[in-house]
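Below is one structure, written out as structure tokens; the observations come after it.
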Amino acid sequence: MNKYEAVLIFKADMADSDRIALLDRFKEIIGQNGEVTSVDDWGRRKLAYEINDLKEGYYYIVDFNSNPDHIREFERRLRLSDFIIRYMVIRKED
């Protein structure tokens, strides 16, 4: 298993309960073939540039361990979500 870090930017106008439920769903997807080691809630922040007329987003940093072939499926599900503005998944060095 490799170590990964994902930056997830949710739409800022989402209700807290909806955002947390969606984050939990993504953590379950990771948990199918790995484990979440930490979740860092950065809160609502101004975006560096507008994305689809949105000026703010809600940031989470998720550290996790997973198999490399499972990352593609995780990114596919992130891409399909209408509530994720941007995401980035990177492999961390050991």
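Relative to the dominant Cα principal axis of the chain, helix 68-80 is inclined by about 20°.
Scoring 26-39, 48-61 by mean Cβ neighbours within 10 Å over their residues and listing the highest first yields 26-39, 48-61.
Every read-out reported here was derived from the displayed coordinates using simple, explicitly stated rules and does not represent laboratory data. As the structure is a prediction and not an experimental result, all values here were calculated from the model. Reconstructed Cβ throughout: ideal geometry from the backbone, glycine too, with neighbour counts over all protein chains shown.
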